[in-house]
Amino acid sequence: MIDLHLHTSASDGDYSPPEVVTRARQAGLRTIAITDHDTVAGIAQAQRAGSDLGAEVIAGIEVTAVHEQRDVHVLGYFIDPMCEALLDFLTRQRLNRVERVREMAVRLAELGMPIDADALLAPFTLQPGRSVGRPAVARALVDAGHVPTVSAAFDALISAGRPAFVPRRGASPTEVVAVIHGAGGLASLAHPGLIRRDDIIPRLVAAGLDALEAFHSDHSPDDVVRYRTMAAQHALAVTGGSDFHGDSRHPRATLGSVTLPQDEFERFFSRVAARQPGGM
Ligand code: AMP
Ligand code: ZN
Ligand code: FE
Ligand code: FE
């Protein structure tokens, strides 16, 4: 079984990279991709665990792009995790994330709900490859006693349109496709059924997008059909995976719950050989 969308503690997953690989193997997965948000910090460890445990671990990434103030996630696969241009780009993305957390902390203080931004950011400053995100802000709000749960923190304070929300700065989806290609990778538009911006797909196709993520925990059966059909219309491959973050985080996104059929994986993989050397 194949799952091309997994998060580790290098971003906002609960488990370390080797733990994710161990659990993936236990769930019957043989081919997996580590796709942390804006970081490749978990890949080497996961690949070492993969060779010990008999799992193929593909070097992946989930980059957060911004289109008209909305987040658009772009997945990269078979990337070179040592590519300088990619690493520089990801460092900028992570610095934007730290800035955004600090701005949210200022807003929260103004709302009478202070959190300790330095303490929250300390693990990410000490391990600069790790990427921070709103889930860490939500946990800090719970720890400080301002809200009862992480989801209450999102719903009341830090989701788009809520008072402590700060819009993200970041690269456009087409720029992200170019960065992924520059690192020798293939690009897939993550969970388009969640983003609901099908209008951007033709532009991404023109920029060289390789696939749509048709299979995803938050996709309905109709979404799967819709994006498989759309991929075929645009001569794209399809990808898929659970978007596993940990057992507690997302009850539907368990390991093995959403997999990519072998023939779809092979169609996607065939693009590795066809891609331009050195990217574009
Ligand atoms: P960020 O990249 O900092 O904007 O954080 C986005 C992450 O927050 C997503 O990947 C989810 O893991 C998490 N998230 C978004 N919305 C919610 C929500 N309503 N409840 C819990 N977690 C959420
Ligand atoms: Zn996440
Ligand atoms: Fe995502
Ligand atoms: Fe994800």
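Values computed for the structure shown
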item: Isotropically averaged projected area of the chain, using the convex hull of Cα atoms (one quarter of hull area), nm²; result: 13.7
item: Separation of the Met1 and Arg169 label points, Cα + 7 Å toward Cβ, nm; result: 4.3
item: Point-to-point label distance, Thr254-Ser159, nm (Cα→Cβ direction, 7 Å offset); result: 2.5
item: Area of Glu84 that stays accessible when all protein chains are in place (1.4 Å probe, Å², to 10); result: 130
item: Under the Debye formula (equal points on every Cα, no solvent term), log10 I(q)/I(0) of segment 109-249 at q = 0.14, 0.17 Å⁻¹; result: -0.87, -1.08
item: For the chain: accessible area per residue (Å², 1.4 Å); result: 43
item: Distance from segment 97-146 to segment 216-280 (C-alpha centre basis), Å; result: 32
item: Carbon plus sulfur fraction of accessible area for segment 106-161, probe 1.4 Å, in percent; result: 58
item: Antiparallel bridges, percent of DSSP beta bridges restricted to the chain (to nearest 5); result: 45
item: Helix 117-126 axis, angle to the chain major axis (alpha carbon atoms, nearest 10°); result: 40
item: Directionally averaged projected area (convex hull, Cα atoms, segment 1-138), nm²; result: 9.0
item: Per residue Cα convex hull volume in Å³ - calculated over segment 99-158; result: 70
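The values are calculated or read from the model by the stated rules, or taken from the named source; none is laboratory data. No experiment lies behind these values; they were computed from the predicted model shown. All Cβ positions, even for glycine, are placed from backbone atoms using ideal geometry, and neighbour counts span all protein chains on display. Ligands, DNA and RNA are excluded from the accessible area calculation, which covers all protein heavy atoms including side chains. Shrake-Rupley method; radii C 1.70, N 1.55, O 1.52, S 1.80 Å.
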